Amino acid sequence: MSNNLFDIIDSMLPSTYSIGDEGMTPTSHRNSATNLLTAIGPLRLENPTILASGVLGVAAGGLMSAWNGGAGAVVTKTIGSTAQPGHPGPRIVGSRGGGLLNAMGLPNPGVRSYLPEIKAATEKGACVIGSIMGNKPAEYGKVAGQLAKTGIKAIELNVSCPHVGSLYAQGLQPEHVSAVVKKVVKTSGGKIPVWVKLPGSTDYPRLVEVAKAAEASGAAAVVAINTLPAIALDVEAQRPSLGGGIGGLSGPAIKPVALRAVWELYKSNLTIPIIGVGGILDGNDVIEFLLAGARAVQIGTGVLLQGPTIFKQICRQLVQYIKSHEINNLEPLIGCGHQKTA
Ligand SMILES: Cc1cc2nc3c(=O)[nH]c(=O)nc-3n(C[C@H](O)[C@H](O)[C@H](O)COP(=O)(O)O)c2cc1C
């Protein structure tokens, strides 16, 4: 993968999509295969593919392009209580071996300005999940309270971004995660399911501890994983390649690590659903995540590389897999990989 591709993607990110773009077309061509239905707690999805947070910018058109591309749900860019410009460029660089390194710095317009964009997507029928961040539980609560009025179907807590303040470190503290979940569950009156997005860490015992704390505090699902903390250096400038210094690694390079996280979480007898994310490009990747124990998946870098119709393509491949393995739906696959280990 050339860096040029990623330069192009970077320049597209903040402003490509806006209300009125072609992404806002009606949803008539959505994937309607009923045998891909899945449920994340109380939330039913028509298929298990979800747009991961952040990759298509902040506007409704980005969410709608993924929804119209066949996603079963779409997660917003992570939103904070006030506007943030994000890190200086470069914000994305390619990494050999199928990885993408970003230090966007969670640029966002702040929750108040974001509300009309989210409403524009929910009013068009999209199943929208609101991703939020904060420094303290109270700040998460404040943002969640505002989002709850937009018709979103779940709230995803970003306690795991590796290039913004202490989010990543906080996401590895079970007490902090527990306090954030309790606050957000309370603010949203217990009516909107709360998902916790876990850090890209290979400290699996800690990851399981955090997930169990989230579960005990009322979370409806965990999402594994966010990008892995990483860095690239520019050998001519002799400094970090990314303007923000430390970045997060995504794409096919992290798939085995993300799978391992899902594997360990499932093995720990967590009772809430696991949503897998990291490096998914095709239907086989999704099947791997289901076998490891995920009930749904999110796709980020794959959307940047293949465009928003990746969701439809993957759904077609999942239907083929179901047919060729003579099963009726995806349910028998979930966690089934664990039964056959030596
Ligand atoms: C350009 C870019 C922006 C991202 N922004 C966010 C974000 O705002 N919030 C978040 O929780 N994760 C964010 N992520 C992480 C993704 O949602 C996802 O967890 C990660 O990229 C791994 O999945 P993938 O390999 O399919 O991309 C971002 C990733 C990329 C590449």
Any residue on another chain or 5+ positions along whose placed amide H is under 5 Å from the amide H of residue 79 is listed here as 131, 132, 133
Apply the Karplus curve 6.51 cos²θ - 1.76 cosθ + 1.60, θ = phi - 60°, to the phi angles in the range 186-191 and return the couplings in whole Hz, x for Gly and Pro. 5, 4, 8, x, x, 8
What are the ³J(HN,Hα) values, in whole Hz, obtained from phi via the Karplus relation 6.51 cos²θ - 1.76 cosθ + 1.60 with θ = phi - 60°, for each residue of the range 71-86 in sequence order, with x given for Gly and Pro? 5, x, 6, 9, 9, 6, 4, 5, 10, x, 6, 10, 5, 9, x, x
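Per the Kirkwood treatment, what hydrodynamic radius in Å, one decimal, follows for the range 48-150 from the mean inverse distance over all distinct Cα pairs? Don't skip to the answer; put the middle values down first.
Values: mean 1/r = 0.0699 Å⁻¹.
Across the range 48-150, the inverse of the average 1/r is 14.3 Å.
Taking the number of other C-beta atoms within 10 Å as the exposure measure, put 191, 255 in order starting with the fewest.
Numbers: 191 8, 255 20.
Exposure proxy ranking, most exposed first: 191, 255.
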Can you list the lysines whose alpha carbon is less than 20 Å from that of residue 124, not counting same-chain residues fewer than 8 positions off? 77, 149, 153, 312
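In whole angstrom, how long is each semi-axis of the equivalent ellipsoid of the chain, when you take the square root of 5 times every eigenvalue of its Cα gyration tensor and sort them from largest down? Intermediate values should be presented prior to the final figure.
Working: eigenvalues 133, 105, 101 Å².
Whole-Å semi-axes of the equivalent ellipsoid: 26, 23, 22.
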Return the single residue from 151, 165, 244 with maximal mean-square fluctuation; model: Gaussian network over the chain, springs between Cα atoms under 10 Å. 165
Gaussian network model of the chain, Cα within-10 Å springs - most flexible of 230, 144, 60: 230
With θ taken as phi - 60° and the coefficients 6.51, -1.76 and 1.60, list the Karplus ³J(HN,Hα) couplings across the range 166-182 in order, rounded to whole Hz; mark glycine and proline as x. 9, 3, 4, 5, 5, x, 9, 10, x, 5, 5, 4, 4, 5, 5, 4, 4
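Rounded to the nearest 500 deg cm²/dmol, what is the calculated helix-only ellipticity per residue at 222 nm for the chain, with -39500 (n - 2.57) per DSSP H run of length n ≥ 4?
Details: 11 runs with 118 residues, N = 342.
Dividing the helical sum by the residues of the chain leaves -10500 deg cm²/dmol.
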Amide proton proximity set for residue 99, modelled H, under 5 Å, gap of 5+: 253
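Bear in mind these aren't lab numbers, they're just calculated from the coordinates by the rules spelled out. The structure presented is a predicted model; accordingly, all values stated were derived computationally and were not measured. A quick note on method: Cβ atoms are made from the backbone with ideal geometry, for glycine too, and the neighbour counts reach across all protein chains shown.
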